[in-house]
Amino acid sequence: MRSIRNIVILTGAGISAESGIDTFRSGADGGPSLWEQHRVEDVATPEAFRRDPELVQRFYDMRRAAIQTKQPNAAHNALARLDAEWGGELLIVTQNVDDLHERAGARRVLHMHGEHLNAWCTACDTRSRWTQPLVDRPPCPRCGERSLRPDVVWFGEMPYRMDEIYSALRAADLFVSIGASGAVYPAAGLVREARELGIATLELNLERSQGSAWFDETQLGPASELVPAWVEQMLARSVS
Ligand code: APR
């Protein structure tokens, strides 16, 4: 196996499940999933926002409030440690819109599906840090228009910074997917891209995902156990 210097890590809702944040396709602790409680078409599409902005804003206001009560878990902490100590290139590409990677201390994080704690003004196209509700249509701090929406990528919209992700992948020696179901593209296609590039691929997930067959290796279990063990192993063989 070629030596590993550059790593791209994809994280999905599974890494935050043990922090008590519902995943999309099965809830934290086996409870109902986020999408079982709400139809995707009602809350996570541009059409839904045009049809019923208040419902959509309320849904994201709830989520924004909820994540601020959650804490990073051992898996986020382990990745933050890897980020701090790994001498090669490293990029944590997350599908998650929570800020638990950052709160654990990770710096090299890219939010391909946006961030709950940002509001996007569609009038002046600026993003502002936002921790409060949006349902009452507060003015944009930049331009004053009442055109703020959650800065999350909805179904039918283009994920952010794909060029950077593909370019990190082209320079990578290892692609690792953690807590992602492999159900939503383009994130789900990254493993195939990695394979075509001849990069080693590893999956750490609670159960076999839709993309498991594409990985060189799959380890099954909770992220809070698998990720710290994997990080320990990587740092033991670390590049100088
Ligand atoms: N440890 C590891 N994996 C876990 C854990 C855990 N404790 N709990 C759940 N998982 C796994 C599940 O088995 C599942 O394969 O995490 C995965 C979570 O899958 P999804 O809920 O589909 O989340 P994700 O892959 O991030 O969803 C992708 O879908 O709805 C959109 O935009 C949304 O970013 C999201 C995207």
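The values are calculated or read from the model by the stated rules, or taken from the named source; none is laboratory data. Remember, predicted model here, so these are calculated numbers, not experimental data. Virtual Cβ from ideal backbone geometry, glycine too; neighbours counted across all protein chains shown. Ligands, DNA and RNA are excluded from the accessible area calculation, which covers all protein heavy atoms including side chains. Shrake-Rupley method; radii C 1.70, N 1.55, O 1.52, S 1.80 Å.
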Report the far tail of the P(r) of the range 126-240, meaning the percent of Cα-Cα pairs longer than 17 Å.
-> 67
Carbon + sulfur, % of accessible area of the chain - ligands and nucleic acids excluded, 1.4 Å = 48
Using only the Cα atoms, work out Rg/Rh for the range 91-140, with Rh taken as the Kirkwood radius, to two decimals.
-> 1.02
Angle between the Cα long axis of helix 53-67 and the longest principal axis of the chain, 0 to 90 degrees, nearest 10?
-> 50
Return the percentage of antiparallel bridges among DSSP beta bridges fully within the range 30-165, rounded to the nearest 5 %.
-> 75
At R0 = 35 Å, FRET efficiency that the Cβ-Cβ distance of MET158 and ASP136 yields, to 0.05 | 0.75
Calculate the translational D of the chain in whole µm² s⁻¹ from Stokes-Einstein, where the hydrodynamic radius comes from the Kirkwood formula applied to all Cα pairs, the temperature is 20 °C and the viscosity 1.002 mPa s.
-> 116
Relative to the first principal axis of the alpha-carbon coordinates of the chain, what is the inclination of helix 223-236, with its axis defined by its Cα atoms, in degrees from 0 to 90 and to the nearest 10?
-> 50
Starting from the Cα gyration tensor of the range 193-240, take the square roots of the eigenvalues, sort them a ≥ b ≥ c, and report rounded, prolate or oblate (rounded when a/c is under 1.5, otherwise prolate if a/b is larger than b/c, else oblate).
-> oblate
Net charge, GLY14 excluded, C-beta distance under 10 Å - Lys, Arg +1, Asp, Glu -1 | -1
Order by protection proxy (mean Cβ within 10 Å, highest first), peptides 196-208, 179-191, 135-147 | 179-191, 196-208, 135-147
Average accessible area per residue (Å²) across the chain - probe 1.4 Å, nucleic acids and ligands excluded | 48
Treating only the Cβ atoms of Lys and Arg (+1) and Asp and Glu (-1) as charged, compute the dipole magnitude of the chain about its Cα centre; round to the nearest 20 debye.
-> 420
Per residue, the convex hull volume that the Cα atoms of the range 86-187 enclose (Å³) | 132
Where does the chain land at 222 nm, in deg cm²/dmol rounded to the nearest 500, when only DSSP H runs of n ≥ 4 count, each adding -39500 (n - 2.57), divided by all residues?
-> -9000 deg cm²/dmol
